[in-house]
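Here, each number is a calculation from the coordinates, and none is a lab measurement. From a predicted model like this one, the values you see are computed outputs, not experimental measurements. Note that each Cβ is placed from the backbone with ideal geometry, even for glycine, and that neighbours are counted across all protein chains shown.
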Amino acid sequence: MQKSILLSAPLLSGNEKKYLDDVLQSPYIAAGGSYLERFENGFSPLLSPCKLIALNSGTSAIHLALILLGIKPGDEVICQSFTFCASANPIVYLGAKPIFVDSEEQTWNMCPSALEEAIKERIRLGTKPKAIIVIDLFGMPAKYDGICSIAQTYGIPLVEDAAESLGSKYKGQVCGTLGDLGIFSFNGNKIITTGGGGGLVCKDLALLEKGRYLAAQAREKVHYFEHHTYGYNYRMGTIPAAIGLGQLESLEDKVMRKRAVFGNYRRLLERFHGISLLDEPEGFYSNRWLTTVQIDPQVAGFDREDLRLAFEKENIESRYLWKPLHLQVAFRGLPYYGGNVAEGIYEKGLCLPSSAHLTIREQNRVVDVIASLYQKGI
Ligand SMILES: *Cc1c(COP(=O)(O)O)cnc(C)c1O
């Protein structure tokens, strides 16, 4: 059996180990400490004028964002359907109701006209949605001109789930800063990792401080344990922060490598009919977290499952795209607006191995498997 090729393995090439060793020497391994501060401050140049607080997951960051927006039981929150379940689960934690919206073909993210249709219809039915959650899927920014102007028109705050798009840009503005609140994930296979963690991003520093307070059990600033409300244990520890600081220092390099991986796939796959990659529209800059392909079975003669199985035989990890949430049993019966764009992309899509340090030899191995399916004429 050939060596395995993973979907997106972390690249730990910088100071991660040095910082980690340093933390392990310190008297309070797991509590706050300077690495947490350094990790958070490390984002300031990139995100300015926004700042970031580091949390224990991207999911807690979304939960906290919705809490800061005052989402209450019975409220409605609009969410892009084409995403990982973590984008919508926190809506349910709060007793609120997810309203799902379809994607458009150019970015695979929330369709502005379906969004507006959803808002109008919910208002007509008597409940104005309290927040909108937009995702930058696989690193591609959503169409923010349209989405932000609709959010503004109706006075609904926007949460940007940038879990997959750290380092991406929309018309020069970095992802994570395009909504009223933004979130990142530093889970194991994301573009930078802390082994597990997340971040909450906001321009309103008073609101962000409130988030910091709630994420640390809502402890009042006195020497004993005084609480005026209930909070959450959502802060990031020092050990993940130390790894994260090392990771963050080479974010730019990782984005360049991911984009190079995408560029190589584009070149290597050009000759195959029925396989396509997602282009960046004018003004969009994707970190290309994962390279995804669309397979048209009518033209290619095989589908995504044939390809996935062929990869598996060669010890190559590939994965379906996110199954749209309005099709998930967990979210059955909830309102959905739009057509079958997300569903169609899902059914034709496969994520290819996309590690930042994937070699050209490994990419050739991936492409050889694709070529073999054409020869077989499945
Ligand atoms: C990874 C991911 C999350 C959740 O992040 P965790 O750190 O795993 O909790 C949320 N949304 C999207 C789109 C993701 O890809």
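If r is the Cβ-Cβ distance from Glu209 to Thr153 and R0 is 22 Å, what FRET efficiency results, to the nearest 0.05? That pair, Glu209 with Thr153, gives E of 0.15. 3J(HN,Hα) along the range 137-149: 5, 6, x, 7, x, 6, 7, 6, 4, x, 5, 5, 5 Hz, from the Karplus curve 6.51 cos²θ - 1.76 cosθ + 1.60 with θ = phi - 60°, whole Hz, x for Gly and Pro. The calculated FRET efficiency for Leu277 paired with Phe225, based on their beta-carbon distance and R0 = 51 Å, is about 0.40. Estimated translational diffusion coefficient (Stokes-Einstein, Kirkwood radius over Cα pairs, 20 °C, 1.002 mPa s) of the range 95-236: 128 µm² per second.
Scanning residues 5 or more positions from Thr107 or on other chains, none has an amide H under 5 Å from its amide H, with H placed 1.01 Å from N in the peptide plane.
Which residues make up the longest stretch of the chain clear of trypsin sites (Lys or Arg not before Pro) that lie in a DSSP loop with no more than 14 other Cβ atoms within 10 Å, not counting the sites? Walk me through the numbers before you get to the answer.
Details: sites that count: Lys3, Lys171, Lys221, Arg271, Arg332.
Here the longest segment lacking exposed loop sites spans 4-170.
In µm²/s, what is D for the range 45-148 at 37 °C and 0.692 mPa s, where D = kT/(6 pi eta Rh) by Stokes-Einstein and Rh is the Kirkwood radius from Cα pairs? It diffuses with D of about 227 µm²/s by this estimate.
Take the residue pairs Lys169/Lys258; Lys18/Lys190; Lys3/Lys323; Lys130/Lys203 and return only those whose Cα atoms are more than 26 Å apart. Pairs exceeding the cut-off: Lys3/Lys323. Using the Karplus relation 6.51 cos²θ - 1.76 cosθ + 1.60 with θ = phi - 60°, the per-residue 3J(HN,Hα) values for the range 51-60 come to 10, 10, 10, 8, 10, 7, 6, x, 5, 5 Hz, with x marking Gly and Pro.
Please give me, ordered by residue number, the chymotrypsin sites (Phe, Trp or Tyr not before Pro) of the range 1-69 that lie in loop per DSSP and have at most 14 other Cβ atoms within 10 Å.
Details: sites: Tyr19, Tyr28, Tyr35, Phe39, Phe43; in loops: Tyr28, Phe43.
Hits after loop and neighbour filter: Tyr28.
By average Cβ neighbour count within 10 Å, what is the ranking of 242-248, 110-116, 273-279 from highest down?
Details: 242-248: 26.0, 110-116: 23.9, 273-279: 16.4.
Top to bottom by mean Cβ count within 10 Å: 242-248, 110-116, 273-279.
When the alpha carbon coordinates of the chain are projected onto the principal axes, the ranges are 71, 60, 36 Å, largest first.
For Lys17, the aspartates and glutamates whose Cα comes closer than 17 Å to its Cα, not counting residues fewer than 8 places off in the same chain, are Glu249. Near the amide H of Lys97, within less than 5 Å, lie the amide hydrogens of Gly74, Asp75, Glu76, Val77, all on another chain or at least 5 residues away, with H placed in the peptide plane.
By how many nm would the segment from Gln298 to Asp253 lengthen if fully extended, with 0.36 nm per residue of separation less the alpha-carbon distance? Intermediate results must be reported in sequence, preceding the final value.
On the way: separation 45, 0.36 × 45 = 16.20 nm, distance 3.84 nm.
So the extension gain works out to 12.4 nm.
Of interest is the spacing of the C-alpha centroids, which for the range 60-113 and the range 295-349 amounts to 21 Å. Here the calculated FRET efficiency for Asp368 and Glu105, from their Cβ-Cβ distance with R0 = 25 Å, stands at 0.25, rounded to the nearest 0.05. Using the Karplus relation 6.51 cos²θ - 1.76 cosθ + 1.60 with θ = phi - 60°, the per-residue 3J(HN,Hα) values for the range 153-169 come to 3, 9, x, 10, x, 10, 10, 9, 7, 9, 3, 9, 10, 4, x, 7, 9 Hz, with x marking Gly and Pro.
Net charge in the neighbourhood of Pro49 (other residues with Cβ under 11 Å of its Cβ; Lys, Arg +1, Asp, Glu -1) is +1. Taking 17 Å as the straight-line reach from the Cα of Lys171, the lysines in range (excluding those fewer than 8 positions away in the same chain) are Lys143.
If you average 1/r across every pair of different Cα atoms in the range 252-376 and take the reciprocal, what Kirkwood value do you get, in Å?
On the way: mean 1/r = 0.0636 Å⁻¹.
The Cα-based Kirkwood calculation yields 15.7 Å.
Charge tally around Asp279: other residues with Cβ under 12 Å, Lys/Arg +1 each, Asp/Glu -1 each, net -1.
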